[in-house]
Every structure is written in structure tokens, then in C-alpha cells.
Amino acid sequence: MNATFETRMDTLPQAARGSQQGAPDTSDPMIEIDHLDFYYGANHALRDISLQIPGHQVTAFIGPSGCGKSTLLRCFNRMNDLIEGTRIGNGQIRIHGIDISDPAVDTIALRRQVGMVFQKSNPFPKSIYENIAYGLQIQGVRDRRRLDEVVEKSLRGAALWDEVKDRLHTSALGLSGGQQQRVCIARAIAVEPSIILMDEPCSALDPIATAKVEELIHELKKNYTIVIVTHNMQQAGRCSDMTAFFYLGQLIEMGKTEKIFTNPVQKQTEDYISGRFG
Amino acid sequence: MNHFWEKNLTEIREQLLLMSGLSERSLSMAMRGLVNRDETLCDSVEAEDSQIDLLEIQIDEMVITYMATHGPVAKDCRFMLAASKISSNLERIADQATKIARNAKRLNQEPLLKPLIDIPLMAQIGQEMLRDSMTAYVEAKPDLATEIVARDKSVNDIYKQLARELTSYMIEDPKTITRALNLLTVAKALERVADHVTNIAEEVFYLYKGEDIRHERGRKAIV
């Protein structure tokens, strides 16, 4: 069964896999969540969540701290499996139509398809080059020319190539915070995922670095499906196509970002985004 | 719970109410200047116009400052957009009052061409529309706003009928042309007042409902 996720991935059309060519396919949902319940031990953290995340768009998860948005994000690549006592009570998450909760799914293959960028940039204490090449190297890729190509392509994709091309073999830890975060994005896209999860990727960055990452997110959606958790309402408004608002483990409202930020249906959404509670 | 920044919204709302009160007073003074042939009142209208212009500038400054510093969303964002547009329309209503006052002064130099019946009626409807639109704004009554939009048609109808009547005066006796044109200018100004009030009512509806009802008749015709 370990091959299930891999096998199904191989049958997907190129556009759905993050192809650099052709018009992106936004017609089908990339991630489908049906009546999901999630627990940290006895704590019922996500309650009956159902939503669909469209392909090749940016979907923002917003909500007050503890509302479950990061928990849901980590469900998409089963990062929660690493936390003891967590479990999915009911429901299902399907990526490309495949139920990823199935214990037989190869989580390594899943995480190759569903990359992640965290709140604090976390480059390995290695060179810039090695950071980007690492994912391929652990897959067994040894061909230097191929690695060079992927490193350049990934750094270009992360809008970082021009800034670091002359110092690829210096430590990634010597870069600025914004550059380190873009190294992490380059590292994530080096293994050609179809989905990139971002958990508050700009919260530790200054406005200029934030603008660069936001610009990058806008570019990346041509080739990837992006889900971003943010506490910055203006960032959600600027960057995302769809916005979902969570509160106390429940999905309160999801819709097009322009609708959510101009005329939300639910009063709770309105109160949260305008800073009246939360 | 009231948040500290909501005082900015209250201040903008109060400035708008002050502006609408002044605009309505200008309109009322201009009409009394015309009906009572009172030149002093007409001069007062022109003198007050600059105060209303200043209020428009102040409201726009408050709106732009709030938008730049607070990044309003949802209803707060619509509030800011509506405030700017409402103040712009109120300023134009005051401009129309000034136009009426200037024409009234010219008309007051000569005998009346005809009894003033339709023009005061247009002014009365326009003033009621203005009062009701600000009531809809303050009391959050979008349904009242839609009703105001419907009333604009009656002002348009009176204007068209009066324009036909004044045209016939001018055809029959060219010596009436100057007075007829001045009256027509006053009537056109009142018709524009009703249009501006309609715009305000549409902004009020958008503010509270989040739906754009501008140019609805035109849109329906296209659909």
C-alpha cells in the first residue's frame, strides 16, 4: 500500500502536479476535507470541518490563536502524526482524490507532494546549495548536473537566485531573515511538490522581506497550490484568492477573499477581521 | 464593546451630519431667497459654500488617514468609501444651492415670469429626500434608502414637464427667454440635487447591505 499515494500521483495530469507549462487547472479542488474531527488527546481541536481548497490558488486560513487553523494545515501532510496522542476522530482529507488519512499512505511521498514552510525560517546549518539539494539527495539523486539545475531553478522560483548565485556554498545561516525564509521556500519547491503549506511565513519578517515573500506567493500559485495561515489580515487580503475563517475549532465561513473582506456573511467573521474580537 | 479607534468613525459620522445640515440649510436659504425675492439670503448661501467645501476636504483627510493607518475591512471599509462619496455629493448639493441663489438674484431683478409652483415643489421633495437619506444613514435603514431612490423619478418628471412649459413660453414670446432660462437653470439644479441625494441613498444601501444598486435600471435593461 505504500505505493498508493505515489502510484496515484504518477497518473495525475502535469498541470495538477505543479507543471511549469500549460494553463493551471483550477477547476477541481486540490484538497477536499469532509466532516473532519481532530483530537489532541481529549481536546476536540477541529470540529466537523468540511471545505474544498482549489488548485493553483492561494487559500488563507485566518482566525484567533487556538482556533485550529495550524492544526488543520498540519493535517494536510500528516505532520500531526509526529505529535503523540493526536488522532482523527471522523472524516476524511483527500488530496488529488486520495484519502491521506489511510495509514497505508506513504507519509514521505505525501510530504514530498505537500511541502511546508514554517513561521520561523529553519534552514539547515549547511550551505545554501546543500539546503536546496538536500531533498533530492535523500531521494538518491547524485547527478551533479541535475542537482545544479534544480538548485538554480528552485532559487529562481523563490526569487533568490540573483541575490545568492555568487555565494551558493556559503552558510545559509549567514543570510538575512527574509532570505532564509526564501531559502526554505526554495528547499520546499526543489522536490516539486504540488501543494505548499505556509504557517505564518512572514510573521518574523520586516515589511520589505514580507513584501518579497508575498510577491513570491503570488508568483508561486501559477505552479503550486498554496495554503497559508496568517494572523495578518492585510496579508490575507493581499495574497489570497480564498479565505477561510475558523473559530473554536470550527469553520465559520469560507469564500472568495474579496467577499470575505468586503461583505462577509457571518457576524463573527466581520467582528474578527475588523479587530472587534479575537 | 467600543474600541478606541471607533471614535474616528464617530467623528467622521458627525462631520457628515454637520455637512448635510449645512447643505440642506443652503438649499433652504436659496429657495427662500428665490420665493421671497430676498437678496440677502442669496448672498448668505454663497458665503456658506466655502465652509461646506472645507468640510469635504476635512472628511476626505479623515478617511484617507483612517484607511492608511487602520486598514479597514468589511463594513468599516464600506463606511469609509461611503463617507467620502456622501461628502462629495453633499458638497455638490451645496454647489447647486449656490447656483440657485445666483440665478435667484438675477430673477429677482425682473417681474416673475410665472407663479412659482413646480420649483418649490421640486425643492421640497429634494429636501425631504436629503433628510430621509441622512436618517437612513444614521439609523441604518437601507430600506428607506431604496425608497428614496424611487422618489428621484417624481423630481425628474416635474423637471421635464416644467422644461416643456418654459420652452413654450420662450417660443411664444422671445422677451421671456432670459427669465425662462434662469428658471430652467434653477429647475435643473434642483433635479441635480435629487440625483445627488439618490447617490447618497445608494451609498447608504451599499454601506449597510454590501450590495451595489447604482445604475440598476440600466443594468436591468442590459440583462
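Just so it is clear, none of the values below were taken in a lab; they were calculated from the coordinates. Here the structure is a predicted model, which means the values were calculated and not measured. Note: ideal-geometry Cβ built from the backbone for every residue, glycine included; neighbour counts use all protein chains shown.
Per-residue answers, yes or no, for (1) among the charged types (D, E, K, R); (2) closer than 25 Å to A:ARG156 by Cβ; (3) surrounded by fewer than 19 Cβ atoms within 10 Å (Cβ to Cβ):
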{"site": "A:PRO64", "(1), (2), (3)": "no, no, yes"}
{"site": "A:LYS69", "(1), (2), (3)": "yes, no, no"}
{"site": "A:LEU72", "(1), (2), (3)": "no, no, no"}
{"site": "A:ASN77", "(1), (2), (3)": "no, yes, no"}
{"site": "A:GLU84", "(1), (2), (3)": "yes, no, yes"}
{"site": "A:ASN90", "(1), (2), (3)": "no, no, yes"}
{"site": "A:VAL105", "(1), (2), (3)": "no, no, no"}
{"site": "A:VAL114", "(1), (2), (3)": "no, yes, no"}
{"site": "A:PRO123", "(1), (2), (3)": "no, yes, no"}
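For (1) among the β-branched types (Val, Ile, Thr); (2) out of contact with any helix residue (DSSP H, G or I) (no Cβ under 8 Å at 6 or more places or on another chain); (3) in a helix (DSSP H, G or I), each residue gets a yes or a no:
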| position | (1), (2), (3) |
| --- | --- |
| A:ARG142 | no, yes, no |
| A:ARG146 | no, no, yes |
| A:VAL151 | yes, no, yes |
| A:LEU155 | no, no, yes |
| A:VAL164 | yes, no, yes |
| A:HIS169 | no, no, no |
| A:ARG187 | no, no, yes |
| A:GLU192 | no, no, no |
| A:LEU197 | no, no, no |
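Against the criterion of being assigned to a helix (DSSP H, G or I) and in contact with a strand residue (DSSP E or B) (Cβ under 9 Å, 6 or more places away or on another chain), A:ALA244 does not qualify. Can B:VAL45 be described as without any contact (Cβ under 8 Å) to a residue 60 or more places away in the chain, surrounded by 14 or more Cβ atoms within 10 Å (Cβ to Cβ) and among the aliphatic types (A, V, I, L, M)? Yes; evaluated as a whole, the condition is true for this residue. Any chance the range B:34-46 includes a residue that's within 14 Å of chain A (Cβ to nearest Cβ) and not in a helix (DSSP H, G or I)? Checked the range B:34-46: no residue is within 14 Å of chain A (Cβ to nearest Cβ) and not in a helix (DSSP H, G or I). Among residues of the range A:262-278 that are more than 10 Å from chain B (Cβ to nearest Cβ), those with a beta-carbon under 6 Å from a residue that is surrounded by fewer than 18 Cβ atoms within 10 Å (Cβ to Cβ) and of a type outside the set (Asp, Glu) at least six positions away or on a different chain give the pairs A:GLY278/A:PRO64. Look at B:ARG92 and say whether it is away from chain A (no Cβ under 14 Å) and either outside any helix (DSSP H, G or I) or free of Cβ contacts under 8 Å to residues at least 24 places away in the same chain (or both). Spelling it out, it is not the case that B:ARG92 is away from chain A (no Cβ under 14 Å) and either outside any helix (DSSP H, G or I) or free of Cβ contacts under 8 Å to residues at least 24 places away in the same chain (or both).
Of all residues in the range A:151-172, those that are within 19 Å of A:GLN137 (Cβ to Cβ) have Cβ atoms under 6 Å from Cβ atoms of residues that are crowded, with 17+ Cβ neighbours inside 10 Å and basic (Lys, Arg), 6 or more apart or on another chain, in A:ALA158/A:ARG182.
Considering B:SER154, B:SER168, the condition of being surrounded by fewer than 17 Cβ atoms within 10 Å (Cβ to Cβ), touching a residue at least 12 places away in the same chain (Cβ under 8 Å) and in a helix (DSSP H, G or I) is satisfied by B:SER154 alone.
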